[in-house]
1. Express in Å², to the nearest 10, the accessible area of Y71 obtained by rolling a 1.4 Å probe over the protein heavy atoms while all chains stay in place.
2. Kindly report, to the nearest 10 Å², the accessible surface of H147 as traced by a 1.4 Å probe over protein heavy atoms only.
3. In the P(r) worked out for region 61-112, what percent of Cα pairs fall beyond 15 Å?
4. Please arrange S62, S48 by accessible surface area, largest first, computed with a 1.4 Å probe and ligands excluded.
5. Thinking of the chain as a set of Cα atoms, what percent of all their pairs are more than 31 Å apart?
6. 222 nm [θ] for the chain, helices only, -39500 (n - 2.57) per DSSP H run of 4+, per residue, to 500?
7. Over the chain, calculate the relative contact order: mean separation of alpha carbon pairs under 8 Å at least 6 apart, over the residue count, as a percent.
8. Rank these by accessible area, largest first, 1.4 Å probe: C116, C125.
Amino acid sequence: MEQFFNNPTGQASSYQAEGGVEFGLSLPEQIADVLSSEIIEGKLPPGSKLPEPTLAERFGTSRAPIREALYLLDQEGLVERAPRRGAVVREYSRREIEELYRIRSVLEGFALEHICEEPEMIEVCVATLEPIIRDMERTESDPKRYHELNFAFHKTIILLSRSQLIRRLYAQIEGPLKIFLRLSFSTAGAVPKSFGEHLQLLAAIREENVEEARRILEKHDEDGMRRAIASGKCGQTVKDR
């Protein structure tokens with residue numbers, strides 16, 4: 001038995017589990033974090049069954065924390081409960097992927113508008129994004145790390161909007177979005193192209209040109225969406241409907 005945890009009660013634990021799970025999370029949250037990472041990284045592909053007894057044995061716990069962890073993943077859009085199949089890793093159709101990217105683009109566009117309304121926030125935004133850009137440049141040969149930094153770059157824009165509504169709405173698409181962002185960087189030439197677009201976006205923000213920033217962002221998201229759909233079809237992860 002692969003025992004990750006030793007706390008069947010489901011109470012908060014200070015144990016840091018595999019995959020960098022944070023201290024102080026409840027047991028279901030720790031389990032959800034591990035499974036979430038495996039889904040995003042493709043170790044648990046779409047359609048994979050997640051039987052509670054098997055997971056309970058794997059994590060060395062009762063079925064109650066497993067059930068709650070699966071509920072959390074369902075809320076994140078990573079898992080769904082199918083009739084007669086139980087919990088499975090969710091599959092997304094082409095249309096749903098398009099919707100995810102377009103919602104992302106709209107929310108980030110609104111966030112850019114909020115940021116560019118105040119000169120001091122533009123300075124804060126540029127100062128915060130520049131170190132991420134430097135790290136992205138150093139990790140262009142490491143798609144996994146680049147994917148993490150890319151997500152951090154865009155999430156920073158959302159956070160700096162200082163809009164609780166934008167943050168809440170963005171949080172609802174983060175899980176599946178991470179899956180398709182990873183796929184979008186699996187094609188040849190995707191990382192250097194993406195990096196160049198991030199440089200352009202940062203320059204537009206620095207110049208307080210919100211319209212140009214939105215144009216770059218929309219094109220960036222459109223290209224990423226097309227790559228993700230193409231990569232997903234090759235890997236049998238995108239449903240046509």
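The values are calculated or read from the model by the stated rules, or taken from the named source; none is laboratory data. On a predicted model such as this, the values are computed, not experimentally measured, just so you know. Surface accessibility is based on the protein's heavy atoms, side chains included, excluding ligands, DNA and RNA. Shrake-Rupley method; radii C 1.70, N 1.55, O 1.52, S 1.80 Å.
1. 120 Å²
2. Around 20 Å² of this residue is reachable by solvent.
3. 62 percent
4. S62, S48
5. Values: 8439 of 28920 pairs.
Of all Cα-Cα pairs in the chain, 29 percent lie more than 31 Å apart.
6. Numbers: 10 runs with 157 residues, N = 241.
Value at 222 nm, helices only, nearest 500: -21500 deg cm²/dmol.
7. On the way: 316 pairs, mean separation 50.7, N = 241.
Answer for the chain is 21 percent.
8. C116, C125
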